[in-house]
1. Quick one: putting +1 on the C-beta of Lys and Arg, -1 on the C-beta of Asp and Glu, what dipole do you get for the chain around its Cα centre, in Debye to the nearest 20?
2. As a test of reading the structure, rank L332, L137 by solvent-accessible area (1.4 Å probe, protein chains only), most first.
3. Ignoring ligands, DNA and RNA, how do R95, R494 rank by accessible area with a 1.4 Å probe, largest first?
4. How large is the accessible surface of V188 in square angstrom, using a 1.4 angstrom probe and rounding to the nearest 10?
5. Given a 1.4 angstrom probe, I'd like the percentage of the accessible area of the range 68-204 that is carbon and sulfur, rounded to a whole number.
6. What residues have an amide H closer than 5 Å to that of L305, excluding those fewer than 5 places away on the same chain, when H is modeled at 1.01 Å from N in the peptide plane?
7. Please tell me the relative contact order of the range 271-460 in percent, rounded to the nearest whole number, where contacts are Cα pairs under 8 Å and at least six residues apart.
8. Calculate, axis by axis, the spread of Cα positions in the chain along the three principal axes, and write the results as whole Å, longest axis first.
Amino acid sequence: MLTQPDSLLKYLTDASDLRLPDGHFIDGAYQAARAGRTMSSEDPGRGEGFASFARGDADDVDDAVASSRKAFAFWRKTPPAERGRILARTAELIRRDSERLAIVECLDSGKPIAEARGDVSGAARTFEYYAGACDKLEGSSFPLPSNYVGFSQLEPVGVTAHIIPWNFPISTAARGMAPALAAGCTVVVKPAELTPFTALLLAELLTEAGLPAGVCNVVTGTGTEVGAPLVAHTGIDHVTFTGSVATGGHVMRACAANVTRSVMELGGKSPVVVLNDCNFDSTVANVAGAIFEHAGQICSAGSRLVIEAGIHDRFIEALGTRAEAISLGHGLRSPDMGPVSSADQRDRIIGFLDRARGRGAEFICGGQISPDTEAGKGYFIEPTIVAARPEDDELVQEEIFGPVLTVQKADDVDHALHLANCTRFGLVAGVFTSDFARAHQLARDIDAGQVYINEYFAGGIEVPFGGNKQSGFGREKGIEGLRSYCKLKSIAARID
Ligand code: NAD
């Protein structure tokens with residue numbers, strides 16, 4: 001049942017009902033950090049700490065990896081149907097606790113409660129989806145001469161590490177943990193230090209659902225103190241990293257040293273290509289949603305509007321009006337848009353905007369810090385649209401990770417394609433047109449891991465997701481995401 005808006009506000013002064021964990025989750029139970037250290041997590045909607053959690057180090061990582069390695073010996077042999085039942089029960093338990101999880105996510109990440117509820121329901125769906133896949137991991141047979149038998153089988157890769165960013169804490173944790181567990185792997189999760197709680201709560205729910213101790217461990221703390229020793233650990237067989245390109249580079253170097261497999265889900269600067277013949281009203285709504293959902297802090301945010309000249313003026317006017325009507329506020333007050341995640345992130349975004357002003361950029365709307373009107377605190381930035389910028393402008397080329405849309409004006413469709421492909425990123429792209437052949441030509445020619453046609457963010461857990469170019473490699477979600485956690489073994493036998 002959904003909590004009424006007014007009763008949600010009590011969590012601004014007292015979060016004790018939420019029973020937030022303050023330890024790592026290792027070997028089936030919460031444990032204090034070996035060194036006894038803790039750190040504080042901020043509510044970005046208030047700009048102040050609201051709960052503390054364990055600050056781990058390499059010793060805690062060692063404990064978690066040893067626990068997961070021990071558990072791998074039996075989890076890999078647990079019948080696939082039994083693994084599936086545990087994951088299915090976990091999906092039910094996430095649904096049972098959905099409101100608590102959504103409130104925790106809202107306080108910890110700042111996102112509006114409706115978006116947090118959507119993320120929690122997506123996490124439940126992820127466990128449900130992979131629950132059904134556990135007993136369908138089939139190999140194939142090879143056409144050898146009749147005196148041979150040849151076949152392949154899929155085996156779990158082993159102990160997997162999952163490094164999670166702060167923008168989608170529960171969804172990103174779920175989309176790594178569920179397929180890894182489904183494949184028979186054990187997991188060690190390192191949530192972002194800004195948003196540690198929902199990964200811990202997921203581990204607790206998995207245990208309640210029957211997951212044996214050690215199969216899922218969660219260690220909290222900073223990237224340097226926990227993330228770095230985890231990805232460099234010789235007891236780790238696979239790393240799924242979701243985060244920035246710069247940190248991804250460090251993680252890849254650590255993986256290279258041990259030849260550890262990896263999936264890299266990195267940044268984006270995704271184009272939304274709008275052609276003259278689009279459905280005007282729904283495209284305006286989609287373009288706004290693509291950049292202002294979670295204040296633009298989405299790897300796949302549509303942060304560049306590549307728009308054909310014929311529709312440009314009318315579209316920008318309508319989009320600006322829509323952006324100016326967006327309400328800002330603490331996530332628990334159900335605003336249209338919440339804060340950005342931290343003071344550092346706010347200052348980084350404002351740095352981009354100040355430098356753009358220095359280069360003479362014109363702002364269609366926004367561009368300023370805007371404290372929450374109710375409480376006068378928190379890390380808010382106005383929804384911002386910057387008028388057409390040249391291809392080599394910093395606002396076109398760099399991921400800002402905030403509510404900032406940069407316009408690029410295209411002379412025609414070919415020019416739009418060129419602009420869509422003009423950055424080092426290749427995560428997603430949107431295409432809006434009523435000409436379906438055109439849409440599919442653009443989908444074919446844009447270099448991105450996924451293309452949305454006439455609905456930005458279309459698709460669900462069934463659709464594989466991942467980047468091209470510097471947006472990374474490997475895929476999560478879908479059956480493709482499950483393969484990341486499997487090793488293919490070929491067996492050939494002479495039988496005459
Ligand atoms: P980040 O790279 O700063 O941190 C990501 C995670 O890495 C955190 O848990 C952090 O503690 C950890 N970390 C930091 N240093 C580490 C190290 N040396 N070794 C191991 N782990 C380390 O990223 P962020 O600021 O938390 O997230 C924003 C970035 O993530 C953006 O660039 C965004 O595009 C990207 N992202 C990508 C996807 C995707 O699916 N492609 C999804 C969400 C976010």
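1. Details: 47 positive and 63 negative charges, 307 e Å.
My answer is approximately 1480 debye.
2. Ranked list, largest accessible area first: L137, L332.
3. Result, largest first: R494, R95.
4. 0
5. 57
6. So L305 has HN proximity to V272, T406, V407, Q408.
7. 28
8. Extents along the principal axes: 73, 63, 43 Å.
The values are calculated or read from the model by the stated rules, or taken from the named source; none is laboratory data. Quantities reported herein were computed from a predicted structural model and do not represent experimental measurements. Every residue, glycine among them, receives a Cβ derived from its backbone with ideal geometry; neighbour counts consider all protein chains shown. Side chains are part of the model used for accessible areas, which takes the heavy atoms of the whole protein and leaves out ligands, DNA and RNA. Shrake-Rupley method; radii C 1.70, N 1.55, O 1.52, S 1.80 Å.
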